[in-house]
Every structure is written in structure tokens, then in C-alpha cells.
Amino acid sequence: MILDSSGRALARNRTAMVVSVDTTTMRRQDDGGKQVLTKLAAVLGTSYDELMKRIRLCSPTVQRPCWPGSPYQPIPVDDKVDPKRAMQIMERQEEFPGVTAQVQAVREYPKPEGAGAVQAIGYLQPITEEEMDKSKDLRVTGYSAVDLVGRDGIEASYDQDLRGSPGLRKVLVDSQ
């Protein structure tokens with residue numbers, strides 16, 4: 001968390017149900033994933049065109065909304081999904097190939113006092129392939145192609161401290 005001098009959160013993590021689209025799987029389908037994305041848009045209460053804008057890759061000629069991260073990882077299209085809608089996707093996975101719905105940590109920026117705080121805090125964005133290729137130090141320090149990296153302001157200056165260290169969780173499951 002990033003707190004102000006009064007202890008109020010300027011940036012924090014929350015868990016949310018996130019729906020993501022694997023564009024590689026979409027491209028392999030006969031229609032390029034149009035049917036799946038049309039169904040997904042209906043479930044999420046948005047349009048096919050809006051989903052297409054969110055999953056296109058950013059470039060100098062492509063305006064936001066777009067995806068600034070790796071084209072080889074699932075692209076989050078909605079991080080405020082109602083659990084009922086997420087269950088529709090998870091329970092009918094055969095109708096939604098290449099679409100996942102799972103609980104993930106999402107960075108949240110509550111409205112700060114004053115407009116200047118937004119520039120001071122900065123924001124998180126997926127690490128780019130160019131950054132991964134350019135700097136071997138990123139790999140040494142525990143970054144991976146799916147990580148979010150601090151951009152501008154406090155998020156960038158204190159990225160290492162805010163990031164923590166990568167962990168692993170093992171779960172043993174039996175028939176009981």
C-alpha cells in the first residue's frame with residue numbers, strides 16, 4: 001500500500017474476479033475468435049467492438065484502449081466482473097475457449113485529495129518485451145513477462161520495495 005501522512009490509502013491492492021482472453025487461442029479458431037468474443041461480450045454486458053479494442057496491442061499508431069504487455073499472455077478485459085457472470089464463463093468453458101475467469105490482485109487508486117497526487121503516485125503497467133530484452137537486471141531481480149511495473153511517480157521510484165519477493169504456494173489435495 002501507498003499511504004499519505006494521515007494513513008489514508010493512495011494506492012492499494014484488492015482481489016477481484018478478472019476475465020482474460022488468450023489471443024493466441026482466439027487466432028487459432030476458424031473465425032479468429034469472433035463467435036467466442038461475441039458471446040463473451042454478451043455475458044460481460046459490453047460490445048464486441050469494445051472487447052476488440054481492449055485486446056489489440058498498443059503501438060505508436062494504436063490509441064488507447066489497447067494492451068501494452070506481451071501478446072503471448074492472457075489479456076485482462078474486465079476486472080470488475082460479477083461472480084455470477086464469471087461462473088457462466090467458468091462452467092461453460094467449452095463455449096469460451098481461450099477465456100479465463102479467476103481471482104487476481106488488482107491495483108486500486110482511491111480518489112486522492114487534489115489533482116497533483118495522481119502524478120505523484122504514478123501507475124502500474126505490464127512490462128514490455130523490449131524492457132525484458134533490454135535489461136537482464138530485470139530477470140535477475142525477479143521480474144517475469146507477466147509482471148506489472150511501476151511507471152512514473154512513487155510507483156516507479158519504489159517499485160522494488162512495493163513489489164516484495166516472488167513466492168510459491170503448494171497445496172496438497174486428496175479425495176477427501
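Once the 1.4 Å probe is applied to the protein heavy atoms, the chain comes out at 66 Å² accessible per residue. Highest GNM mean-square fluctuation among 153, 69, 45, for the chain modelled with Cα contacts below 10 Å: 45. Taken over the chain, the percentage of Cα pairs per 5 Å bin, counting from 0 up to the bin with the maximum distance, is 1, 7, 13, 16, 17, 17, 13, 10, 4, 1, 0, 0.
With q set to 0.11, 0.12, 0.22, 0.28 Å⁻¹, the log10 of I(q)/I(0) for region 46-117, from the Debye formula over equal scatterers at the Cα positions, is -0.39, -0.46, -1.15, -1.32.
The relative contact order of the chain, computed from alpha carbon pairs under 8 Å that lie at least 6 residues apart in sequence, is 26 percent. Which listed residue (166, 70, 103) has the Cα farthest towards the positive end of the charge dipole for the chain, taking +1 on Lys and Arg C-beta and -1 on Asp and Glu C-beta about the Cα centre? Toward the positive end, the furthest listed residue is 103. Taken about its Cα centre, the chain carries a charge dipole of roughly 200 debye when the Cβ of each Lys and Arg holds +1 and the Cβ of each Asp and Glu holds -1. Ranking 123, 48 by solvent-accessible area of protein heavy atoms (1.4 Å probe, all protein chains present), from largest to smallest, gives 123, 48. Tally up the carbon and sulfur contribution to the accessible surface of the chain as a whole percent, 1.4 Å probe, everything protein left in place. Carbon and sulfur together cover 52 percent of it. Express the relative contact order of region 1-105 as a whole percentage, based on alpha carbon pairs under 8 Å and six or more residues apart in sequence. Relative contact order here is 41 percent. Lysine pairs in the chain with alpha-carbon atoms under 22 Å apart, 8 or more places apart or on different chains: how many are there? Here the count comes out as 6. Considering only 44, 148, 162, the mean-square fluctuation computed in a Gaussian network model of the chain, springs between alpha carbons under 10 angstrom, is largest for 162. Here the Kirkwood formula, the inverse mean of 1/r across different C-alpha pairs, assigns region 1-70 a hydrodynamic radius of 14.6 Å.
The values are calculated or read from the model by the stated rules, or taken from the named source; none is laboratory data. These numbers were taken from a predicted model, which means no experiment stands behind them. Don't worry about glycine lacking a Cβ; one is built from the backbone with ideal geometry, like all the others, and counts go over all protein chains shown. Calculation scope for accessible area: heavy atoms of the full protein, side chains included, ligands and nucleic acids excluded. Shrake-Rupley method; radii C 1.70, N 1.55, O 1.52, S 1.80 Å.
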